[in-house]
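These notes are about the structure you will find just below.
The values are calculated or read from the model by the stated rules, or taken from the named source; none is laboratory data. Everything quoted here is computed from the prediction, not taken from an experiment. Quick reminder, even Gly has a Cβ in these numbers, built from the backbone with ideal geometry, and neighbours come from all protein chains shown.
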């Protein structure tokens, strides 16, 4: 029962109690007063009537006529005249049924009449008036007069009703004022309840302490809990980041080690959402053993760190990945890079700038081999072609960069203007569709279907994947329109197929208020379907656009949909920053999952990541699971779901 209802009940009980006490006290006091007044009136009336009888003839007819006239014109219950001894009644007039007696003087016909139960509840017995009637100097008789008590009962009843009305009015006024006051006093409780619910949903938020001491104590305790959990998550995130770097990175250069780089590169080549073409470049630090002997181990290690730092400066965050393949070879994977000559030139210039002056004369040339690829090419084949280019570079004087072009298919368009026209035409013609890939839980049941978008060429039968279209759509500013179409098709699929559906929302759409507003409107129009919609956002979107990300979560999660991050692996150290967002799930990058069944270092890292995800109330899903061995391993690590080529 709410406090407001309890307040009204308490007010009603107190009012009834106060009314009862006031009724008893005031009624009894009024009854005593009225009884005294009626007794005085009886004596006065008896004296007046006795005086009138004394002056009149004492024959029976005259006396009876006087008594009848007085009884009929006034308000009496009884007029009795007896002989002086009181044994013989000379004349008597009375009302046998008091309820039918005439009403008291001074009461209007419309006034309330005291009910019978009220008369029985508060009986009145005023003292009758007595006077002696004489005949000359001889006593004639004794006159007894009782005034009718109806006027007293009616007056008392009306006073009681007025008292009840005032008490009821006071109760309503007190209740209303109490409600307003209680609502004002309980305003801080709304924040306390919201914080408690957030903590129950494992969103460890903090709120300002209210002025009310009792609430401030509760809020302070919950804020302390939230701060402690936040600190614990931060510490766990830092520990996981150290574990991740130890498992996935080369200790000297700081770049991803061979195993992790190969897993990331393989996942990129197999990902339908990745760019359709790209470039792999390998830089070789020749004569490393000789450099160790000439410069010393510390200087050689510093040289390796400079070289790695130079390569890392070329990664622009657009899916580019640097890594150390072995002692002498460093690699740079550049998805969506369709100008290998430009990449080779930038890489050669960077290497000359960062390590050219640190190398001994005659050994300052760094061979560079570049291989182009198309999405879906086998990684061993790509590495083999890069090695061919690297060998050619080593064989030439000055080690100029060499490029090996491998299976690069022609695309529907080659420049920004052509892609803008192509995508705009497809949008106008509705040439977009969704394909479905299952995400299953630990027991093999379907959690939801991922539905990446496909664009059908407006003028032929070519079907382009998200990796073919979305990079160009981003450059053309058309990505929010594609995301809106994807959301609409996903909601329709939910309603027609009655399944949970997961869509990808880009960081550009997340930061675009109009697109976010349209998506929220779509979800409000389809409230039942919204509860079956999952929304994937890129990992970096949560940290690079934190304000927009929080606004999206605050606006969309109350509508029933679930929001999570995909391709999670590189920003684990910042995971504690999401302690108050209330994400529903994490999808761990395929690069971290690839080969997990024989990588103990990654297993320890992922076990910790699953633990921190569960602590924050999030389900954890493995991406890119390629076979049964990896599936069994991720389930053993505690993952809640999995998806990938090996999941059916």
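Take the conditions in contact (Cβ under 8 Å) with a residue 12 or more places away in the chain and out of contact with any strand residue (DSSP E or B) (no Cβ under 6 Å at 6 or more places or on another chain) and apply them to residue 555. Does it pass? So residue 555 fits the description; yes.
Restricting attention to the stretch 78-85, does a residue exist that is touching a strand residue (DSSP E or B) at 6+ places or on another chain (Cβ under 6 Å), under 19 Å from residue 150 (Cβ atoms) and outside any helix (DSSP H, G or I)? Working first, answer last.
Here is the first cut: in the stretch 78-85, the ones touching a strand residue (DSSP E or B) at 6+ places or on another chain (Cβ under 6 Å) are 78-84.
Still in the list and also under 19 Å from residue 150 (Cβ atoms): 78-79.
From what is left, the residues that are outside any helix (DSSP H, G or I) are 78-79.
The answer is yes, given that some residue of the stretch 78-85 is touching a strand residue (DSSP E or B) at 6+ places or on another chain (Cβ under 6 Å), under 19 Å from residue 150 (Cβ atoms) and outside any helix (DSSP H, G or I).
Screening the candidates 379, 343 for the property of being under 25 Å from residue 471 (Cβ atoms), surrounded by 21 or more Cβ atoms within 10 Å (Cβ to Cβ) and touching a residue at least 12 places away in the same chain (Cβ under 8 Å) yields one hit, 343. Listed by first and then second residue, the pairs with beta-carbon distance under 6 Å, at least 6 apart or on different chains, first residue in the stretch 427-452 and within 19 Å of residue 472 (Cβ to Cβ) and in the same structural domain as residue 494 (by TED's automatic domain parsing), second assigned to a loop (DSSP other than H, G, I, E, B) and modelled with pLDDT under 90, are 429/458; 431/458; 452/273. For the stretch 287-298, the condition of being under 21 Å from residue 399 (Cβ atoms) and part of a loop (DSSP other than H, G, I, E, B) holds for at least one residue.
Residue 591 meets all of the listed conditions (1) touching a helix residue (DSSP H, G or I) at 6+ places or on another chain (Cβ under 6 Å); (2) outside any strand (DSSP E or B); (3) at pLDDT 90 or above but one, namely (3).
With the structure loaded, tell me whether residue 50 is in the same structural domain as residue 129 (by TED's automatic domain parsing), at negative phi, surrounded by fewer than 15 Cβ atoms within 10 Å (Cβ to Cβ) and in contact with a strand residue (DSSP E or B) (Cβ under 9 Å, 6 or more places away or on another chain) or whether it fails that test. When the stated conditions are applied, residue 50 does not pass them.
Does the stretch 348-358 contain any residue that is at positive phi and either surrounded by fewer than 17 Cβ atoms within 10 Å (Cβ to Cβ) or in a loop (DSSP other than H, G, I, E, B) (or both)? No, the stretch 348-358 contains no residue that is at positive phi and either surrounded by fewer than 17 Cβ atoms within 10 Å (Cβ to Cβ) or in a loop (DSSP other than H, G, I, E, B) (or both). Of 601, 613, all but one fail to be part of a helix (DSSP H, G or I) and in contact with a helix residue (DSSP H, G or I) (Cβ under 6 Å, 6 or more places away or on another chain); the exception is 601.
Applying the selection to the stretch 609-637, what residues are touching a residue at least 24 places away in the same chain (Cβ under 8 Å) and over 27 Å from the mean Cα position of the chain (by Cα)? Outline the logic, then answer.
Of the stretch 609-637, the ones touching a residue at least 24 places away in the same chain (Cβ under 8 Å) are 609-626, 629-630, 632-635, 637.
Scanning the stretch 609-637 gives 623, 624, 625, 626, 629, 630, 632, 633, 634, 635, 637.
Note on the stretch 507-542: among residues that are under 17 Å from the mean Cα position of the chain (by Cα) and part of a strand (DSSP E or B), the one that is surrounded by the most Cβ atoms within 10 Å (Cβ to Cβ) is 533. Please determine whether any residue of the stretch 125-144 is modelled with pLDDT of 80 or more, loosely packed, with under 15 Cβ neighbours inside 10 Å, assigned to a loop (DSSP other than H, G, I, E, B) and assigned by TED's automatic domain parsing to the domain that holds residue 35. The answer is yes; a qualifying residue exists.
Residues that are closer than 13 Å to residue 152 by Cβ, at pLDDT 80 or above and crowded, with 17+ Cβ neighbours inside 10 Å are absent from the stretch 59-74.
Out of curiosity, is residue 570 part of a loop (DSSP other than H, G, I, E, B) and more than 20 Å from residue 205 (Cα to Cα)? Yes, satisfied. Elements of the type helices (runs of 4 or more DSSP H) sitting completely within the stretch 180-274 and holding at least 2 residues that are surrounded by 15 or more Cβ atoms within 10 Å (Cβ to Cβ) and without any contact (Cβ under 8 Å) to a residue 40 or more places away in the chain: these cover 187-200, 213-248.
If a residue counts only when it is within 30 Å of residue 619 (Cα to Cα) and either modelled with pLDDT of 85 or more or within 45 Å of the chain's Cα centre (by Cα) (or both), which strands (runs of 3 or more DSSP E) contained entirely in the stretch 385-482 have at least 1 such residues? Reasoning before the result, please.
Numbers: elements: 402-404, 432-434, 437-441, 446-450, 453-456.
The qualifying strands (runs of 3 or more DSSP E) are 432-434, 437-441, 446-450, 453-456.
Here's the yes/no breakdown for (1) over 18 Å from residue 505 (Cβ atoms); (2) in contact with a strand residue (DSSP E or B) (Cβ under 9 Å, 6 or more places away or on another chain):
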residue	(1), (2)
420	yes, no
435	no, yes
468	yes, yes
478	no, no
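Taking the stretch 15-39 as the range and being more than 60 Å from the chain's Cα centre (by Cα) and surrounded by 13 or more Cβ atoms within 10 Å (Cβ to Cβ) as the test, the residues that pass are 30, 31, 34, 35, 37, 38, 39.
In the set 161, 177, only one residue is closer than 30 Å to residue 36 by Cα, surrounded by fewer than 17 Cβ atoms within 10 Å (Cβ to Cβ) and modelled with pLDDT of 80 or more; that residue is 161.
Scanning the stretch 415-426 for residues that are in contact (Cβ under 8 Å) with a residue 40 or more places away in the chain and exposed (fewer than 14 other Cβ atoms within 10 Å of the Cβ) yields a count of 1.
Inside the stretch 293-321, residues that are in contact with a helix residue (DSSP H, G or I) (Cβ under 9 Å, 6 or more places away or on another chain), more than 18 Å from residue 353 (Cα to Cα) and at pLDDT 80 or above make up a count of 1.
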